[in-house]
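Asks: Before I ask anything, let me first share the structure, which is written out below as structure tokens.
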Amino acid sequence: MTFAPRLVHLPYLLNGAFHRLAVWEWGDPAAPPVICVHGLTRQGRDFDALAAELARDHAVLCPDLPGR
């Protein structure tokens, strides 16, 4: 079975203003969650291979942290 990511945007509040956080979501949202957070100079899509495997049994969230 092949799993493709879905791009979702979550609102967050920073310094009194709302912004949108891009999150790549893999797998069944009802499954146990796994969150993959990238380092300073990377992005959420760095976890594509890992997320595709984990998505078999988990809901995998890979956010693009602000500034990436």
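Asks: Taking all protein chains as present, what is the carbon and sulfur share of the accessible area of the chain, in % to the nearest whole number, probe 1.4 Å? Present the calculation step by step, with values, prior to reporting the outcome.
Replies: On the way: 2800 of 4600 Å².
Carbon plus sulfur share of accessible area: 61 percent.
Asks: Mean-square fluctuation check for the chain, GNM, Cα pairs under 10 Å: which of 39, 16, 27 is largest?
Replies: Checking each option, the largest mean-square fluctuation is seen for 16.
Asks: Shape call for region 18-68 from the C-alpha gyration tensor, a ≥ b ≥ c root eigenvalues: rounded (a/c under 1.5), prolate (a/b greater than b/c) or oblate?
Replies: On the way: a/c = 2.91, a/b = 1.57, b/c = 1.85.
Here region 18-68 falls in the oblate category.
Asks: Cut-off 10 angstrom, C-alpha nodes, Gaussian network model of the chain. Which of 17, 49, 30 fluctuates the most?
Replies: Of the options given, 17 has the highest mean-square fluctuation.
Asks: Expected output is a single nm value to one decimal: the length gained when fully extending between residue 50 and residue 30, i.e. 0.36 nm times separation in residues minus the C-alpha distance. What is it?
Replies: Extra length from residue 50 to residue 30 when fully extended: 5.3 nm.
Asks: Using the basic label-point model (7 angstrom from Cα toward the beta carbon), what is the residue 3 to residue 21 distance in nanometres?
Replies: Result: 2.0 nm between the two label points.
Asks: Can you tell me the accessible area per residue over the chain, all protein chains present, probe 1.4 angstrom, in square angstrom?
Replies: Working: 4600 Å² over 68 residues.
With the other protein chains kept in place, the chain gives 68 Å² per residue.
Asks: Rounded to the nearest 500, what is the chain's calculated 222 nm mean residue ellipticity when only DSSP H runs of at least 4 contribute -39500 (n - 2.57) each, over all residues?
Replies: Only helices count here, giving -2500 deg cm²/dmol.
Asks: For region 1-22 and region 23-68, compute the distance between their C-alpha centroids and round to whole Å.
Replies: Computed from Cα coordinates, the inter-centre distance equals 12 Å.
Asks: Hey, got the dipole for the chain? About the Cα centre, +1 on K and R Cβ, -1 on D and E Cβ, debye to the nearest 20?
Replies: Computed charge dipole of the chain: roughly 240 debye.
Asks: Find out how many positive minus negative residues lie around residue 33, taking Lys and Arg as positive, Asp and Glu as negative, among other residues whose Cβ is under 13 Å from that of residue 33.
Replies: Result for the local shell: -3.
The values are calculated or read from the model by the stated rules, or taken from the named source; none is laboratory data. None of these values were measured; they are calculated from a predicted model. Virtual Cβ from ideal backbone geometry, glycine too; neighbours counted across all protein chains shown. Ligands, DNA and RNA are stripped out before the accessible areas are found, and what is left, the full protein with its side chains, is counted by its heavy atoms. Shrake-Rupley method; radii C 1.70, N 1.55, O 1.52, S 1.80 Å.
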